[in-house]
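*Asks:* Input: one structure, supplied below.
The values are calculated or read from the model by the stated rules, or taken from the named source; none is laboratory data. Not measured: the values here are computed from a predicted model. Cβ coordinates were reconstructed from backbone atoms using ideal geometry, including for glycine residues, and neighbour counts include every protein chain displayed.
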Amino acid sequence: MSEIAAPAALDPRELARLTEVARRIRVEIVRTVAHAKAGHLGGPLSAADMLAVLYFHTLRIRPDIPDWPERDRLILSKGHSSVALYAAMALRGYFPLEEMATFDAVGSRLQGHPDMLRLPGLDMSTGSLGMGISAGAGMALGARLSGLDARTYVILGDGECQEGEVWEAAMVGARHRLDNLVAIVDHNRLQQFGWVASAAPERTPHPPHWGGELVAKWEAFGWRVIEVDGHDIPAFVGAFDAAARPDGRPVAVIAHTVKGKGVSFMEDRYYWHTRPITPEELAIAMQDLGEPPGPQAAETAGGAR
């Protein structure tokens, strides 16, 4: 049976700090895509809270020494959501926040999909869906064989879990009892083109039972499963704390999220998977995200940053 994450008893100041980090990640996602005039929005926005907790609370990392051997590893297997990862890394101090303006540009370190050969601090180049969890299993096994007390976290999309390679890696993780491996499934219930409805001409979200199917599959492959509200920061902290208490099984955290979270006209709409955003839409998004109007917002809306 899956576990439901128990919220951690966070100090109010820590909760406020993590909440603000998640908000700022969302602001940077939208601003960056608006400036680049291309990029993904829905999936990055649904992953902002988990990235805030990981980079600012859970991960043992040293941004000043990105290749520190004893660091925890993080792989964004759903690599098309790279802009969210870059926002978290910039806010954490891996590179200047101003560099976000180079996203997806020729020669930039911040490519549309993460490239570990360009940007220090990336543990895996991703983009071909399904491959990240295989690399994560290898890293977790390598840490054990090297005697390193390091954990490996892999963020997957729920649609990505249709890839066969995901389940090959799941078998390996359970076979080798990799309890230092955590798969986090961003279960926002929407793929790039949604799901075809049987009774309507439009695309619709996954049927409600699909979350149960994911839980059952990870459990069937021998993983410990923890379900969490993917936008509840204390619950996320609690889930990762629980995952760090090993019992001989790898852990799958199923995060129930909303695609496009935080922006009113993007939430639960599959067509915001990847789409340019107009200056008018940017202004609404900034208001939704609680970002006061100012010179930076005006410059971004005008195409400069």
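*Asks:* Identify the residue in segment 160-177 that is part of a helix (DSSP H, G or I) and surrounded by fewer than 20 Cβ atoms within 10 Å (Cβ to Cβ) and, among all such residues, is nearest to the chain's Cα centre (by Cα). Full working, then the answer.
*Replies:* Initial filter on segment 160-177 (part of a helix (DSSP H, G or I)): 160-162, 164-175.
Adding the requirement that they be surrounded by fewer than 20 Cβ atoms within 10 Å (Cβ to Cβ) leaves 162, 164-165, 167-168, 171-172, 175.
Working: Gln162: 18, Gly164: 21, Glu165: 19, Trp167: 20, Glu168: 22, Met171: 23, Val172: 23, Arg175: 26 Å.
The selected residue is Gln162.
*Asks:* Scan segment 126-141 for residues that are assigned to a loop (DSSP other than H, G, I, E, B) and farther than 20 Å from Arg92 by Cβ and jot them down. Walk me through it before giving the result.
*Replies:* Keep residues of segment 126-141 that are assigned to a loop (DSSP other than H, G, I, E, B), which gives 126-130.
Selection gives Gly127, Ser128, Leu129, Gly130.
*Asks:* Here's another thing I want to ask about it. Of everything in segment 45-69, what is under 11 Å from the mean Cα position of the chain (by Cα) and either farther than 17 Å from Tyr153 by Cβ or modelled with pLDDT under 95 (or both)? Give them in sequence order.
*Replies:* Leu45 - this is the single residue of segment 45-69 that is under 11 Å from the mean Cα position of the chain (by Cα) and either farther than 17 Å from Tyr153 by Cβ or modelled with pLDDT under 95 (or both).
*Asks:* Looking at segment 1-18, which of the residues that are part of a loop (DSSP other than H, G, I, E, B) and not hydrophobic (A, V, I, L, M, F, W, C) is farthest from the chain's Cα centre (by Cα)?
*Replies:* Of segment 1-18, the ones part of a loop (DSSP other than H, G, I, E, B) are 1-2, 5-11.
Still in the list and also not hydrophobic (A, V, I, L, M, F, W, C): 2, 7, 11.
Working: Ser2: 21, Pro7: 19, Asp11: 24 Å.
Out of the qualifying residues, it is Asp11.
*Asks:* How many residues does segment 150-192 contain that are under 22 Å from Phe236 (Cβ atoms), in contact (Cβ under 8 Å) with a residue 60 or more places away in the chain and not hydrophobic (A, V, I, L, M, F, W, C)?
*Replies:* 12
*Asks:* Please go through segment 51-102 and pick out each residue that is of a type in the set (Val, Ile, Thr) and either part of a helix (DSSP H, G or I) or closer than 16 Å to Ser125 by Cα (or both). Outline the logic, then answer.
*Replies:* Start the filter on segment 51-102 by keeping residues that are of a type in the set (Val, Ile, Thr), which leaves 53, 58, 61, 65, 75, 83, 102.
Listed by number, the residues that qualify are Val53, Thr58, Ile75, Val83, Thr102.
*Asks:* Does segment 232-285 hold any residues that are of a type outside the set (A, V, I, L, M), in a loop (DSSP other than H, G, I, E, B) and under 23 Å from Ser134 (Cα atoms), and which are they?
*Replies:* Filtering segment 232-285 for residues of a type outside the set (A, V, I, L, M) gives 232, 234, 236, 238, 240-241, 245-250, 256-257, 259-262, 264-265, 267-276, 278-281.
If we keep only those that are in a loop (DSSP other than H, G, I, E, B) too, we end up with 232, 245-250, 257, 259-262, 264-265, 267-269, 273, 275-276, 278.
Arg245, Pro246, Asp247, Gly248, Arg249, Pro250 - these are the residues of segment 232-285 that are of a type outside the set (A, V, I, L, M), in a loop (DSSP other than H, G, I, E, B) and under 23 Å from Ser134 (Cα atoms).
*Asks:* Also: Collect the residues in segment 212-238 that are touching a Pro at 6+ places or on another chain (Cβ under 8 Å) and of a type in the set (D, E, K, R), keeping them in residue-number order.
*Replies:* Selection gives Arg224, Asp232.
*Asks:* Another question, if that's okay. Give the number of residues within segment 254-296 that are farther than 29 Å from Ala5 by Cα, buried (at least 18 other Cβ atoms within 10 Å of the Cβ) and of a type in the set (Val, Ile, Thr).
*Replies:* 1
*Asks:* Cβ-Cβ under 9 Å, sequence separation 6+ or interchain: first residue in segment 91-108 and closer than 19 Å to His80 by Cβ, partner part of a helix (DSSP H, G or I) and acidic (Asp, Glu). Which pairs?
*Replies:* From segment 91-108, the pairs are Met100/Glu28; Ser108/Glu99.
*Asks:* Against the condition at pLDDT 95 or above and out of contact with any Asp or Glu (no Cβ under 6 Å at 6 or more places or on another chain), how does Trp167 come out, does it pass?
*Replies:* Yes.
*Asks:* Give me the pairs, please: first residue somewhere in segment 206-221 and under 15 Å from Gln191 (Cβ atoms), second residue anywhere and modelled with pLDDT of 60 or more and β-branched (Val, Ile, Thr), beta-carbon distance under 7 Å, and either six or more positions apart or on two chains.
*Replies:* Gly211/Ile254; Leu214/Val185; Leu214/Ile254
*Asks:* Looking only at segment 261-278, which residues are at negative phi and touching a helix residue (DSSP H, G or I) at 6+ places or on another chain (Cβ under 6 Å)?
*Replies:* Passing the criteria: Lys261, Val263, Ser264, Met266, Trp272, His273, Ile277.
*Asks:* Can you pull out every residue in segment 19-44 that is over 14 Å from the mean Cα position of the chain (by Cα), surrounded by 23 or more Cβ atoms within 10 Å (Cβ to Cβ) and not in a helix (DSSP H, G or I)?
*Replies:* Gly39, the sole residue that qualifies.
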